[in-house]
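To start, the structure itself, in structure tokens.
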Amino acid sequence: MIIAFIGGGLFLLVACLYTLLAFGFPYGEFAMGGKYTVMPIRLRVACGCSVLIQLFAIIIILQTADIIPSLFSIGITRGLCFLFASYLTLNAMMNGFSKSRKERLVMTPLAILTAFCFWITAIAS
């Protein structure tokens, strides 16, 4: 299912951004409210943890679409896909209210598109 590839690819872009943030690159205006240009240590750790969750979400969307072998039953995989779709929908709303213009303009549409891909994949599986 092409929509799962798109969703996984978009979320991989987010994971790359958060990896850069975890390593101290100055892209903080695109994430977590945009308060910091360079994330402080405690937020770098949070970014690193977020990357692991994002990579897991990519695996889940690809498994739900039956693109890669599933580690879990289809019911669990599909449920996790719905969970990530819900999270991304909430995330899109939160990004839309961010004080950071860069986060609103870049991350909000990215979260909306990714959420859409997760919703369609979960519903269509």
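Screening Ile67 with (1) among the hydrophobic types (A, V, I, L, M, F, W, C); (2) touching a Gly at 6+ places or on another chain (Cβ under 9 Å); (3) under 23 Å from Met32 (Cβ atoms) gives one miss only, at (3).
State yes or no: is Thr121 in contact (Cβ under 8 Å) with a residue 12 or more places away in the chain, surrounded by 19 or more Cβ atoms within 10 Å (Cβ to Cβ) and more than 11 Å from the chain's Cα centre (by Cα)?
Numbers: in contact (Cβ under 8 Å) with a residue 12 or more places away in the chain: yes; surrounded by 19 or more Cβ atoms within 10 Å (Cβ to Cβ): yes; more than 11 Å from the chain's Cα centre (by Cα): yes.
Criteria met by Thr121.
Scanning segment 103-115 for residues that are free of Cβ contacts under 8 Å to residues at least 60 places away in the same chain and surrounded by fewer than 20 Cβ atoms within 10 Å (Cβ to Cβ) yields Arg104, Leu105, Thr108, Pro109, Ile112.
Coordinate-derived values only; no laboratory data. Since the structure is predicted, the reported quantities are computational estimates derived from the model, not experimental observations. In this analysis, Cβ positions are derived from the backbone assuming ideal geometry, glycine residues included, and neighbour counts consider all displayed protein chains.
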